[in-house]
Amino acid sequence: MKIGDQVSVVDEDLSGVVTSVKGNIVVLKDEYGFTHQYPKEKLVPKNASIYDNIKVVKKG
């Protein structure tokens with residue numbers, strides 16, 4: 001995780017842009033300009049392109 005990454009918080013309806021990383025603590029700014037601090041393990045990347053190379057298999 002690095003500054004500028006889009007992230008979402010696990011188990012919460014919150015996402016934003018990483019503004020700083022201090023050890024295990026990541027600070028993110030939400031769409032309203034508020035900042036929030038979370039441990040890295042509570043955040044996931046919000047990047048739809050990570051699914052581009054995943055093959056979809058239809059079962060029927």
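If GLY33 satisfies every condition in (1) assigned to a loop (DSSP other than H, G, I, E, B); (2) in contact (Cβ under 8 Å) with a residue 12 or more places away in the chain; (3) not charged (D, E, K, R) but one, which is the exception?
All conditions pass for GLY33, except number (2).
Spot the failing condition for GLY4; the list is (1) at pLDDT below 95; (2) assigned to a strand (DSSP E or B); (3) of a type in the set (Gly, Ala, Ser), and only one is missed.
(2) is the only condition that GLY4 fails.
Taking the range 15-42 as the search range and keeping residues that are of a type in the set (A, V, I, L, M) and touching a Phe, Trp or Tyr at 6+ places or on another chain (Cβ under 9 Å), which one is surrounded by the fewest Cβ atoms within 10 Å (Cβ to Cβ)?
Quick first cut of the range 15-42, residues of a type in the set (A, V, I, L, M) only: 17-18, 21, 25-28.
Now restrict to residues that are touching a Phe, Trp or Tyr at 6+ places or on another chain (Cβ under 9 Å): 25-28.
Working: ILE25: 11, VAL26: 24, VAL27: 16, LEU28: 24.
Checked the range 15-42; the qualifying residue surrounded by the fewest Cβ atoms within 10 Å (Cβ to Cβ) is ILE25.
The values are calculated or read from the model by the stated rules, or taken from the named source; none is laboratory data. Being a predicted model, the structure only gives us computed values, none of them experimental. Positions of Cβ are generated from backbone atoms using ideal geometry, with glycine treated the same way; all protein chains shown enter the neighbour counts.
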